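Enquirer: What follows is a single structure, and I will ask about it in a moment.
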């Protein structure tokens, strides 16, 4: 890959920006659920990012022969293994520089003291920018763009008799990602930032998130 140093700088800034990224769920003005494995996920995501960079600098004959892809479907295995969250995403190329994504999320956990459930859908619009001068064609390479999501959260607290208000949260924000594709195999890493616009519950999900996805492109 060209400009390997620039990608190393990107890894450094991702680590600094996301150092305190954790997946939290709050009752307003009171911590509801203990911090989950956001830092661990960050470290693993950065390892994957560095590994992908190393793989991408091998000779061109070892990389994918196909230079352009129009669609992809990805999942986040680390999110499932660490946080118990199942999510999947579909991406469709719209133009030589743009694409859109749509995805779904399902989370169920039974920690000590309660049970929580999360169901959500979301989407994003991406602009692909040849930031590192790699001459990769969308849907490969670096992308940025706005995103929005709708998330329903509920929590049954067995240790607290007070009734928590379950409900739906609508959030908007942005994301930045980098995608590699080798012979249709997809590896994507990135960060996202979302803020609640409407919140009909007593929960406040953390604003920062991480993307560490694998999948298939065609």
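The values are calculated or read from the model by the stated rules, or taken from the named source; none is laboratory data. In this text, all values refer to a predicted model and were calculated from it rather than measured experimentally. Using ideal geometry, Cβ is built from the backbone for each residue, glycine included, and neighbour counts are taken over all protein chains shown.
Enquirer: Within the range 146-218, which strands (runs of 3 or more DSSP E) (wholly inside it) include 3 or more residues that are surrounded by fewer than 16 Cβ atoms within 10 Å (Cβ to Cβ)? First the steps, then the outcome.
Expert: Values: elements: 167-182, 185-199, 208-217.
Output list reads 167-182, 185-199.
Enquirer: Only one of these conditions is not met by residue 32: (1) over 16 Å from residue 190 (Cβ atoms); (2) modelled with pLDDT under 95; (3) in contact with a strand residue (DSSP E or B) (Cβ under 7 Å, 6 or more places away or on another chain); (4) in the same structural domain as residue 202 (by the TED database). Which number is it?
Expert: Status for residue 32: all satisfied but (4).
Enquirer: Looking only at the range 124-138, filter to residues that are modelled with pLDDT of 95 or more and either closer than 16 Å to residue 68 by Cβ or not assigned by the TED database to the domain that holds residue 192 (or both); which one of those is surrounded by the most Cβ atoms within 10 Å (Cβ to Cβ)?
Expert: 126
Enquirer: Let me ask you something else. Pairs needed: first member in the range 102-123, exposed (fewer than 13 other Cβ atoms within 10 Å of the Cβ); second member anywhere, at pLDDT 80 or above; C-beta distance under 6 Å; at least 6 residues apart or different chains.
Expert: Listed by first residue and then by second, the contacts come to 108/117.
Enquirer: Here is a list: 153, 210. Which entry is farther than 30 Å from residue 70 by Cβ and at pLDDT below 95? Let's see the steps before the verdict.
Expert: Numbers: 210 fails: farther than 30 Å from residue 70 by Cβ.
153 is the lone residue from the list that is farther than 30 Å from residue 70 by Cβ and at pLDDT below 95.
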